[in-house]
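Laboratory data are not the source of any read-out in this text; all were calculated from the coordinates shown. Please read all numbers here as calculations on a predicted model, not as lab measurements. No Cβ is skipped: glycine too gets one built from the backbone with ideal geometry, and neighbour counts run over all protein chains shown.
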Amino acid sequence: MPRIAYVNGRYVAHAEASVHIEDRGYQFADGVYEVCEVARGFIVDMPRHLARLNRSLTELSIDWPITRGVLPLVMGEVVRRNHVVDGLVYVQVTRGVASREFFFPPAGTKPSLVVTAKKADPAAAAKRAESGIRVITVPENRWDRVDIKSVGLLPNVLAKQKAKEAGAQEAWFVDVDGTVKEGGSSNAWIITRDGVLVTRPAEHGILRGITRTTLFDVAAKLGLKIEERGFSVAEAKAAREVFISSATTIAMPVVAIDGAPVANGHPGSITVSLRRAFFDVAEKSPA
Ligand code: PDD
């Protein structure tokens, strides 16, 4: 079954889908993106993802490439055309195609829009959650506007590759003050000995993850307390449970940090219950 991508108004064969060599996303990473989970045929938390996309575009003064209300229809169409029941839908908007100048392109330059969808195996994800993942820590070396979901992800690529080479699945960026910021493609959480969820405030220095936001709703439903504050690597290593969150991992247990086991080295029960309750609490839009 050939995959289909949406590129600037057309549904095209994924294998042949392309953008111009002078697309500003290609030349300057001058663009933003969103990744939504697709689960059981539903796009998860789409309104929250679109609100964040709007914020990213606004912060960078990039216009909407199509009417905001039409994007969910395109996303749904791409999911359906690719027969994705479980997986993800990816949306990327760049400042468009223009002769390579650092200045913004002339008024009227159309932003580029690409939408793709990919299948994932929920059984494989469940298996990963049963064993948990390993993280390493790296010094923060990104710009200070990581609250914008920009496609400029080179530090994240390098950090995650370093994690992979160390036998881990995620890298945590650690601030100069020793507190954990977030992962290369996820937010970071710990659960204290008293069962309190702790995650860094999202006002500055991290991406306000949509999964993170919805986990606040899940925690409320489960009667769990959340504290928004920084935590150190040492505190995480001594925590009752540790996990990461993102659209592609939901709540994923962390069982080792820099090679040291977390608690007994197995996924914790609170993380498992957050993961189980997530889909029921999240907003589901039929694809
Ligand atoms: N990444 N922090 C960073 C740096 C991220 O890249 C992501 C998501 C998150 C979690 O955000 P959300 O819960 O909205 O997915 C936090 C996506 C999944 C990616 O780049 O593939």
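Could you rank the peptides 30-41, 99-110, 257-268, 200-211 by their average count of other C-beta atoms within 10 Å per residue, with the highest value first?
My ranking of the peptides, most packed first, is 30-41, 200-211, 257-268, 99-110.
Using θ = phi - 60° and the Karplus relation 6.51 cos²θ - 1.76 cosθ + 1.60, list the HN-Hα couplings for the range 112-127 in order, rounded to whole Hz, with x at every Gly or Pro.
Rounded to whole hertz, the list is 8, 10, 10, 10, 10, 9, 9, 7, 9, 9, x, 5, 5, 5, 5, 5.
May I ask you to derive the FRET efficiency for Val272 and Thr58 from their Cβ-Cβ distance with R0 = 30 Å, giving the value to the nearest 0.05?
In this case the efficiency is close to 0.20.
Extending each Cα 7 Å along its Cβ direction at Ala260 and Val85, get the distance between those two points in nm, one decimal.
4.4 nm
Taking just the alpha carbons, could you work out the radius of gyration and Dmax for the range 4-120, both in angstroms?
Just the Cα atoms of the range 4-120 yield Rg and Dmax of 14.1, 44 Å.
Can you return the lysines within cross-link range of Lys164? Criterion is Cα-Cα under 28 Å, with same-chain partners fewer than 8 residues away left out.
Lys118, Lys119, Lys127, Lys149, Lys181, Lys237
Would you kindly state how much longer the chain becomes between Thr213 and Val70 on full extension, computed as 0.36 nm times their sequence separation minus their alpha carbon distance, in nm to one decimal?
Extra length available between Thr213 and Val70 comes to 49.0 nm.
Label point 7 Å out from Glu203 along Cα-to-Cβ: which residues of the range 227-259 have amide N under 20 Å?
Taking a point 7 Å out along Cα→Cβ of Glu203, the residues of the range 227-259 whose backbone N falls under 20 Å are 227-232.
Write down Rg/Rh for the chain, rounded to two decimals, with Rg from the C-alpha atoms and Rh from the Kirkwood relation over Cα pairs.
0.97
Over all pairs of distinct alpha carbons, what does the Kirkwood formula give as the hydrodynamic radius of the range 125-282, in Å?
15.3 Å is the Kirkwood radius here.
Simple spin-label model, 7 Å along Cα-to-Cβ: Phe279 to Ala220 in nm?
Once both label points are built, they end up 2.3 nm from each other.
Can you give the angle from 0 to 90° between the axis of helix 210-222 and the longest principal axis of the chain, with both taken from C-alpha atoms, to the nearest 10?
Tilt relative to the chain: about 40 degrees.
When the helices in the chain are scored as -39500 (n - 2.57) per DSSP H run of 4 or longer and the sum is shared across all residues, what 222 nm value do you end up with, to the nearest 500 deg cm²/dmol?
Computed ellipticity for the chain at 222 nm equals -8500 deg cm²/dmol.
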